[in-house]
Amino acid sequence: MRKILCGICGIVGSTNQSVIERMTGSLAHRGPDGSGVETFPRHELALGHRRLSIIDLSTRGRQPMTNEDGTLSISFTGEIYNYLKLKASLDSERHRFASETDTEVILHLYEEKGPAGFADLNGMFAFALYDAERERLFLVRDHLGIKPLYYTIANGKLIFGSEIKAILESGACSPEIDWQAANDFFSFLYVPAPRTIYRGISHLPPAHYLEYDLQRRCIVKIENYWDVAQWGMEPEETDEQEICAKLRTLMTESIAGQMISDVPLGAFLSGGVDSNIIVGLMAAQASKPVKTFTVLFEGDDLDYYDERREAKRIAEKFGTEHHELPIDLSRPEEMLDMVDHFDQPFGNTTFYLTYLLSRYTREHVTVALSGAGGDELFGGYPRYRAVRAMRYLRYIPQTAARLALAAVSKIRDDFADRRLHRIRALLNGIDKNPANQYLKWVYYLDEERKGLLLRDRHQSQPSHRVLQSHLDRIPAGWDDGNRYSYLDVETFLPDNLLEYSDKMSMAWSLELRVPFLDPRVVEQAFRIPFDLKMNRSGSKAILRKAFADLIPEENLRIPKKGFNVPLGSWMRTKLDRYFDELLPRDYVDREGIFNYDCISQMREEHRLGRRDNSYELFAVLIFDKWYRKRITNQTE
């Protein structure tokens, strides 16, 4: 018996029942099937959780759960896919199990190995484990950061939760902006961990645990229990047939574990190779047709984004129960209302499509598998092409590079895609160190433009420091492609893609699973030289080769389109007017965050086609909406 417990929270320093119930209630959307709270007066500890039942829908496995002698308790959210294997490895004479839950296996694994056992868990999870004998509380997050976990120390209390709103509901801290995090947001369109947009509230990084001393009331340490780079897994395998065989085996095993469910289960399906592979492997193991869900873009100006033909080709090949969702994009202002579901501002508009698709999918299933992670692991993003190009461009004299950049900068932007933006970023990064070079490829507002947009008092340290701390951990033998892939796995993936995927799916109590992010698949991916992932045949070369017999050739040849909205055109029409309504000069000057003249110039450049500022402008709009909602409680 396993359950997905989709929201946890807790507080050290208060056993006030109304406080923990209020915190737990703020997470109701994450788990509509039940809730529970438990207080431990000895250490002034209170734990809460919300439950979404996925496997075994009975009332067994109540949480917080306690071991047989009452010395350990746990509040857990997520899924442990290898719990049966772990259970079998524990001595049956020493460990007595009262249930069939994966949650109980964690307790007994801790009894056996202590914190060293956290690395053995294969799944998506966040949990709080209370050790009464050692007077310790552990907060633990999964290897890749699929499940979120936030915490703060406020007024002598440790407060934590699956969402920041649970922490704020404790009443122990007030929402104040961390301006360094705000600066980072305008660079990346998300806030990189461990910071959050709120001063004093932190995001526990992936593959870390926090150890808290309940007697001395202090954090003992925050420990990294797994890291592909630090474990020294240098790219070493070159036999393509062997690599392909390993990928097939690992992905098949990953999907087999993630298909276990007692409630309806399906998959997001696009024209991309990642979701195609997942659906194909699901169909091979399913006893009945897989339910698949695809977004349809309707309208003459949306053909670029539509992948219905490719998705339908996969659905027909594998005989899925296919569902298509026509997306109504007539009201893009709805994106601004998504701040109701976010604790932090998000500038990646893909969250809107994920929200709509999750809402539709939840009408049919409770669990859906997603292809998230495939791009980061196997070189799927356009920026990875820059890795190959940089080998040659770095030999170009800087004068020639500057002339080329000046020429490209005069070309009008095509708002259907951002290829010119990428070319400019590539030329801009030629003479930069790895952190700054990568930043040029992923930034939206560089330090100079941020300096123009944000008032002086809100400017902070350059954002490349976020990347440098990760680069410093990478072994010297890694090739450039895997280095930048590692940066994505450490930052963009957990803090952007997985973060909005979690919030948008949980808004509808839909559990989203990600087979590519099985730690074994991730480890294997980083053993593969980047030249086998990205070569003359295109991106994800080794992945396409490994599953060439599974995916129709037409789909294998299709270039990546991405899961995006036509933000460029929207920002010239339907969204542009919101600047006049929401950000008039008197309001902007009064709040003192932005420079009004800079916003006006960015709008004019965009309207006239001189520069695609769509994402930068959207970041301003969404930040302001978040600011009104979460900080000042203003209404428009």
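No value in this document is a laboratory result; all are computed from the given coordinates. Just so it is clear, the structure is predicted and the values come from calculations on it, not from any experiment. Using ideal geometry, Cβ is built from the backbone for each residue, glycine included, and neighbour counts are taken over all protein chains shown.
The slack in the chain from Lys85 to Ser18, taken as 0.36 nm per residue of separation less the alpha-carbon distance, amounts to 20.2 nm.
Farthest towards the positive end of the charge dipole of the stretch 4-224, among the residues Asn183, Ala166, Val19, is the Cα of Asn183, using unit charges on the Cβ of Lys, Arg, Asp and Glu. Ordering Asn224, Val442, Phe76 by Cα displacement along the dipole of the chain toward the positive end leaves Val442 in first place; charges were set at the Cβ atoms of Lys, Arg (+1) and Asp, Glu (-1). Charging the Cβ of each Asp and Glu at -1 and of each Lys and Arg at +1, and nothing else, the dipole of the chain about its Cα centre rounds to 1060 debye. Here r is the Cβ-Cβ distance between Leu296 and Asp337 and R0 is 25 Å; the resulting FRET efficiency, rounded to 0.05, is 0.65.
Put a dot 7 Å past the Cα of Gln634, heading toward its Cβ, do the same for Gln468, and the two dots end up 3.5 nm apart.
Taking a straight line from the alpha carbon of Lys113, these lysines sit under 21 Å away, with near neighbours fewer than eight places off in the same chain left out: Lys85, Lys87, Lys221. Counting Lys and Arg as +1 and Asp and Glu as -1 over every other residue whose Cβ lies under 12 Å from the Cβ of Asn224, the net charge comes to 0. Relative contact order for the chain: 16 percent, from Cα pairs under 8 Å spaced at least 6 residues apart, divided by residue count.
Which entries of Lys317/Lys560; Lys147/Lys246; Lys317/Lys533; Lys147/Lys574; Lys440/Lys561 show an alpha-carbon separation above 24 angstrom in the structure shown? Cα-Cα > 24 Å for Lys147/Lys246; Lys317/Lys533; Lys147/Lys574; rest within.
Each of Leu583, Met602, Phe618 was placed along the dipole of the stretch 565-636 (beta-carbon charges, centred on the mean Cα), and the one lying farthest toward the positive end is Phe618. Rounded to the nearest 20, the Cβ-based charge dipole of the stretch 565-636 about its Cα centre (Lys and Arg +1, Asp and Glu -1) stands at 240 debye.
Near Arg331: Cβ cut-off under 12 Å, other residues only, Lys/Arg at +1 and Asp/Glu at -1. The net charge is -3.
All other residues with a Cβ under 11 Å from the Cβ of Pro462 taken together, and with Lys, Arg as +1 and Asp, Glu as -1, what is their net charge? It would help to have the intermediate numbers written out before the result.
Numbers: positive: Lys450, Arg465; negative: Asp184, Asp446, Glu447, Glu448.
Every neighbour counted, the sum reads -2.
Normalised by 2.2 N^0.38 Å, with N the number of residues, the alpha-carbon radius of gyration of the stretch 199-339 equals 1.51. For the stretch 107-132, the residues whose backbone nitrogen is under 17 Å from a point 7 Å from the Cα of Arg520, taken along Cα to Cβ, are 119-124.
Rank-order 288-295, 601-608 by packing density, defined as the average count of other C-beta atoms within 10 Å over each peptide's residues, highest first.
Those peptides, ordered most packed to least, come out 288-295, 601-608.
Computed from the Cβ-Cβ distance with R0 of 25 Å, the FRET efficiency linking Ile219 to Ala28 stands at 0.30.
In this calculation the C-beta distance from Ser460 to Arg590 is compared with R0 = 35 Å, giving a FRET efficiency of 0.95. Extending 7 Å from the Cα toward the beta-carbon at both Ala116 and Arg42 defines two label points whose distance is 2.5 nm.
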